Amino acid sequence: MRIELTVNGERREADVWAGESLLYVLRERLGLPGSKNACEQGECGSCSVLLDGRLVCACLVLAAQADGHELVTVEGLGEDGGLHPVQEAFAETGAVQCGFCTPGFVVAAADLLARNPHPSEDQIREALSGNLCRCTGYAKIFDAVRLAAGS
Amino acid sequence: MTTTARRLELGRVGESVKRIDAIPKVTGEFAYSSDLFAAGMLWGHTLRSPHAHALIAEIDISEAVGMTGVHAVLTHADVPGAKTYGLEFPDQPVLAFDRARYFGEPVAIVAAEHPEQARRASEQIKVAYQPLEPVVEPEHATEREPIHEGRPTAGHGFRDDDRPNVVRTIVIRHGDPDAQAEVSVSGVYELGIQDQAFLGPESGLAIPDAEGGVDVYVATQWLHIDRDQVAPCLGLEPEQVRIHLAGVGGAFGGREDLSIQIHAAMLALHTDRPVKMVYNREESFVGHIHRHPAKIWMEHRANRDGKLVNVRAKILLDGGAYASSSAAVTANASAFACGPYAVENALVECTCVYTNNPPCGAMRGFGAVQSCFAHEAQMDKLASELGIDPVELRLRNALAPGDSLPTGQRITGSFPAAEVIRRAAALPVPEPEELPRDPLRLPGGSGNTTRGEGVKRGVGFAVGFKNVCYSEGFDDSTAARVRLTGSGDGLAAEVHCAAAEVGQGVVNVILQTARTELDLDDVVLGSATTSSVGSAGSASASRMTWMAAGAVQLAARAARDELARRGGRLGPGEEIEVERVYHHRPTTPLDPETGQVSGDGAHVAYICAAMRVVAEVDVELGLTRVVWIGTAQDVGKAVNPQAVYGQIEGGTAQGLGLALMEEIQTRDGLITNASFTDYLIPTTLDMPPVDAELVEEPEPDAPYGVKGVGEPPTVVSTAAVVSALRDATGRELTRVPVRPDEIVGLD
Ligand code: FES
Ligand code: FES
């Protein structure tokens, strides 16, 4: 089937199989591999995107469900081609090691700060508890969110 | 946004520098091995054994071959060259031929136009299995029929052990192994199977070169050893197989062994099309080796003043179906069994067996994690038996330079064990937090519906150590190539090194070293590939910083010398290019009979860490919360301090995971929890703040005095976390991960 959606401000179309996830279509059909696939079961948050402004796991959304909707992925997070403050902060604080979790974390953290510009420590932990990172132990990810919140 | 203090972009050795790959990683541009694409590309899929142990009578691919979109269905009969491979011993079939020895063993591979077509076609392959009774109890493995013919690991200078299914046995006899002392404590300790659980699944892309050779882009830890295993199985010369590092989504030892490399290359050569393979999470859990589960019996004999007199240890490791790096893990578990303590007498016996359980091999800490969990539990027990403060007991016995290990190896480099103990013990512990409080801050988090009535607090302590670099005579050298080019107003440099950037930050180590040595900002790093530079050895054993810095330093100095010979400048377009190979000091094997070192000694150098943990335990519900971790680590010299702290925090999290939640569960050899729903790793809600202190006592033999960083936090944190839980509960807690039943005493 054919779907039409707005991705990072651009109208896009794709021919998809009925069973394909939004994540698969982004990565394999629309040339946007920034969103990562680490579990395909909604457990790791690596595929986090904003669907009509709501944070979702793209692996749990069927591509067909995104037909006609608006999407922001990690590739479109910054404005005018620049970096989003959360992206800057992740790079700055050393919150990136292998970086496989990073796209999901920056989208989730940007979503948190859009809703709550000055989150408490516990609010940061809770908001990011759906995102797994195996490398950092999260300390520098918290530093990054605090830095971005202060900016 | 307001500007904040910027990390230097062009740092030298010793400066905190932003990773060179940080920006592409935060924007999503960085290409991981699962992101690759080539025109005309097919998707590969692996059919795996549903049995832990079965004979394979027949494989019928006729139906699968004809399915829509399918371009190839290959079995063992299609392996062009050697049918088996392996890191140390070639005991593992490329595709199972006469029997499958573990659950998930690859049996056939398919290439199709869509990954779903490939998956469906693989379901139509008919394999006639004759299931066999699996060998799943390591304690009885030596009484069962051998699961391999011909003892794949026999010889190699190992101790003779004729029992069936032995991978390796080591016996270390030191001093008088029967020596008696005033007190004795003993215990039996167990560790479950831990998984590396890197987030980026096994994946890669193989592209045929139209001349019979192949290029493989893959996430791995050691490009050249991949090539040396892949080429013989394809029946090709090493130069016809070029392995290129694709973006690696974490490794932790789990990418030392091959995964998709040979399979994708076979499919690509067979179809003459690029073939991409990506494991899903379930497949990743069965598609790589794990940390060895262990059972450890230990007795510590000491005098009333706390001085250790004799340590007796028996260690059983379950290696699973194939050898992988089990022989080296066995050596580490044995050599570090007594901990970083001076002890005059010891008897250590360690056996690793083959079973039909999931294969085990390298994981961060590599044998030392298992031993540390046991020896530190014993040190706590001994402290309590003697009425000596546990930190004081460790200080009284701490190994120091000039002392010898039970293998007889004398410590000749830096080894600040006493210093890391003192520094970790001096870190201020946070005040107990009041109750009632937000359930998020209770043991078990919001799942805890009490007001915290059953919460008890405990403080634990542990010390651990291991070696840096490969050991027992292995020359894991590293090559680097430096090219200087004259440019308009000076010089530019390009560095090539095949060191695998797996997330640890070795790319920065290479550049910071090159900039320091060349005193030049304009240095770029070429891509890591077998086609442009010699082997770098593995991104393992906490060795890559030391070895890469050593190689780049040598090459850069040679380039600089040549530059001086040419009068200190190069004209536009003029070049100097040098490649140099750095070797660490030689090592020699352990004596197979006595486990004692000969010649230069089995290890290159040692690294240690101490850790203090505060934990809260709900002793009624069996729930835990680690509140705070303080640690001091011996790092030699921090090349990029920001990255070093990151390694300590991340490594600590993995040890905490093993202590509290991580375990691959099996039933008759079948993995039953191959998902992130059922295999839990620490989340943002599980990790406490980690206060880390770096102890920088330079290693005399190493470039800038560096050592290694990655493993000590993982070695020590499992032991330290459980020490805190014991303090809170008063229970022995002899098995990790610790289960709620054990905390409440239901066992
Ligand atoms: S890939 Fe979507 S949550 Fe893990
Ligand atoms: S940086 Fe590797 S998973 Fe988070």
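The values are calculated or read from the model by the stated rules, or taken from the named source; none is laboratory data. What you are looking at is a predicted structure, and each value in this text was computed from that prediction instead of being measured. Here the Cβ is made from the backbone with ideal geometry for all residues, glycine too, and neighbour counts use every protein chain on show. Surface areas here come from the heavy atoms of the whole protein model, side chains and all, with no ligands, DNA or RNA. Shrake-Rupley method; radii C 1.70, N 1.55, O 1.52, S 1.80 Å.
Things worth noting here:
- Residue within the stretch B:35-42 that is outside the structural domain of B:ALA500 (by TED's automatic domain parsing), under 31 Å from the mean Cα position of the chain (by Cα) and on the phi > 0 side of the Ramachandran plot present: no
- B:SER371 meets the stated requirement of being of a type in the set (Gly, Ala, Ser), under 23 Å from the mean Cα position of the chain (by Cα) and either surrounded by fewer than 24 Cβ atoms within 10 Å (Cβ to Cβ) or part of a helix (DSSP H, G or I) (or both).
- Check on B:ARG120, part of a loop (DSSP other than H, G, I, E, B) and open to solvent by 30 Å² or more (accessible area, probe 1.4 Å): no
- Identity of the residue in the stretch B:662-710, away from chain A (no Cβ under 14 Å) and of a type in the set (Asp, Glu), that ends up farthest from A:ARG134 (Cα to Cα): B:ASP701
- For the stretch A:132-151, filtered to residues that are over 21 Å from B:TYR645 (Cα atoms) and touching a residue at least 12 places away in the same chain (Cβ under 8 Å), the residue that is nearest to the other protein chains (Cβ to nearest Cβ) is A:SER151.
- Extreme residue, surrounded by the fewest Cβ atoms within 10 Å (Cβ to Cβ), among residues of the stretch B:208-249 that are of a type in the set (Gly, Ala, Ser) and away from chain A (no Cβ under 14 Å): B:ALA210
- For B:ARG120, the requirement of being within 22 Å of B:SER326 (Cβ to Cβ) and of a type in the set (Lys, Arg) is not met.
- B:ALA536 vs. criteria part of a strand (DSSP E or B), crowded, with 18+ Cβ neighbours inside 10 Å and in contact (Cβ under 8 Å) with a residue 60 or more places away in the chain: no
- Residue list for the stretch A:128-148, restricted to those being more than 11 Å from ligand 2 (Cβ to nearest atom) and part of a loop (DSSP other than H, G, I, E, B): A:LEU128, A:SER129, A:GLY130
- If you go through the stretch B:493-527 and pick out every residue that is within 16 Å of ligand 2 (Cβ to nearest atom) and not in a helix (DSSP H, G or I), you end up with 6.
- Test: residue in the stretch B:611-628 that is within 11 Å of chain A (Cβ to nearest Cβ), modelled with pLDDT of 95 or more, outside any loop (DSSP other than H, G, I, E, B) and closer than 30 Å to B:VAL429 by Cα: no
- Residue among B:VAL73, B:VAL26 that alone is outside any loop (DSSP other than H, G, I, E, B), facing chain A (nearest Cβ under 10 Å), open to solvent by less than 40 Å² (accessible area, probe 1.4 Å) and touching a helix residue (DSSP H, G or I) at 6+ places or on another chain (Cβ under 8 Å): B:VAL26
- Checked against (1) more than 9 Å from chain B (Cβ to nearest Cβ); (2) part of a loop (DSSP other than H, G, I, E, B), A:ALA114 passes all but condition (2).
- Meets criteria (within 20 Å of B:PRO24 (Cβ to Cβ) and not polar (S, T, N, Q)) for B:LEU223: no
- Any hit, the stretch B:435-457, residues being outside any strand (DSSP E or B), of a type in the set (Val, Ile, Thr) and open to solvent by 60 Å² or more (accessible area, probe 1.4 Å): yes
- Checked against (1) over 14 Å from the mean Cα position of the chain (by Cα); (2) more than 16 Å from ligand 2 (Cβ to nearest atom); (3) of a type outside the set (Val, Ile, Thr); (4) more than 8 Å from chain B (Cβ to nearest Cβ), A:ASP122 passes all but a single condition, namely (4).
- For beta carbons closer than 8 Å, sequence separation of 6+ or different chains, a first residue in the stretch B:85-114 that is on the phi > 0 side of the Ramachandran plot and a second that is β-branched (Val, Ile, Thr), the qualifying pairs are B:GLY104/B:VAL286; B:GLY104/B:ILE671.
- Comparison of A:VAL56, A:VAL106 shows that the only residue that is β-branched (Val, Ile, Thr), away from ligand 2 (no atom under 16 Å from the Cβ) and within 12 Å of the chain's Cα centre (by Cα) is A:VAL56.
Conditions (1) surrounded by fewer than 22 Cβ atoms within 10 Å (Cβ to Cβ); (2) within 16 Å of ligand 2 (Cβ to nearest atom); (3) within 13 Å of another protein chain (Cβ to nearest Cβ), marked per residue:
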{"site": "A:ALA14", "(1), (2), (3)": "yes, no, no"}
{"site": "A:TRP17", "(1), (2), (3)": "yes, no, yes"}
{"site": "A:SER48", "(1), (2), (3)": "no, yes, yes"}
{"site": "A:VAL61", "(1), (2), (3)": "yes, no, no"}
{"site": "A:VAL72", "(1), (2), (3)": "yes, no, yes"}
{"site": "A:GLY78", "(1), (2), (3)": "yes, no, yes"}
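- Verdict on B:ALA492 being at negative phi, open to solvent by 20 Å² or more (accessible area, probe 1.4 Å) and away from every other protein chain (no Cβ under 14 Å): yes
- In summary, B:VAL581 fulfils each of the numbered conditions (1) open to solvent by 40 Å² or more (accessible area, probe 1.4 Å); (2) in contact with a strand residue (DSSP E or B) (Cβ under 9 Å, 6 or more places away or on another chain); (3) part of a loop (DSSP other than H, G, I, E, B) with the single exception of condition (3).
- Filter result for the condition that a residue is outside the structural domain of B:ASP91 (by TED's automatic domain parsing), in contact with a strand residue (DSSP E or B) (Cβ under 6 Å, 6 or more places away or on another chain) and either surrounded by fewer than 24 Cβ atoms within 10 Å (Cβ to Cβ) or in contact (Cβ under 8 Å) with a residue 40 or more places away in the chain (or both), over B:ALA268, B:ALA335, B:ALA323, B:ALA264: B:ALA323
- Qualifying residue in the stretch B:182-200 (condition: more than 16 Å from ligand 2 (Cβ to nearest atom), closer than 25 Å to B:ALA499 by Cβ and crowded, with 24+ Cβ neighbours inside 10 Å): no
- Selection of the stretch B:687-710 for residues being farther than 27 Å from B:ASP389 by Cα, of a type outside the set (A, V, I, L, M) and part of a loop (DSSP other than H, G, I, E, B) yields B:PRO698, B:GLU699, B:PRO700, B:ASP701, B:LYS707, B:GLY708, B:GLY710.
- Only listed residue being within 17 Å of B:GLN642 (Cα to Cα), within 16 Å of ligand 1 (Cβ to nearest atom), crowded, with 18+ Cβ neighbours inside 10 Å and outside the structural domain of A:CYS57 (by TED's automatic domain parsing), chosen from A:GLY99, A:GLY94: A:GLY99
- Scope the stretch B:693-731; condition more than 30 Å from B:ALA400 (Cα to Cα) and not small (Gly, Ala, Ser); matching residues: B:THR729, B:ARG731
- Some residue of the stretch B:202-213 being among the aliphatic types (A, V, I, L, M), more than 16 Å from ligand 2 (Cβ to nearest atom) and over 27 Å from the mean Cα position of the chain (by Cα): yes
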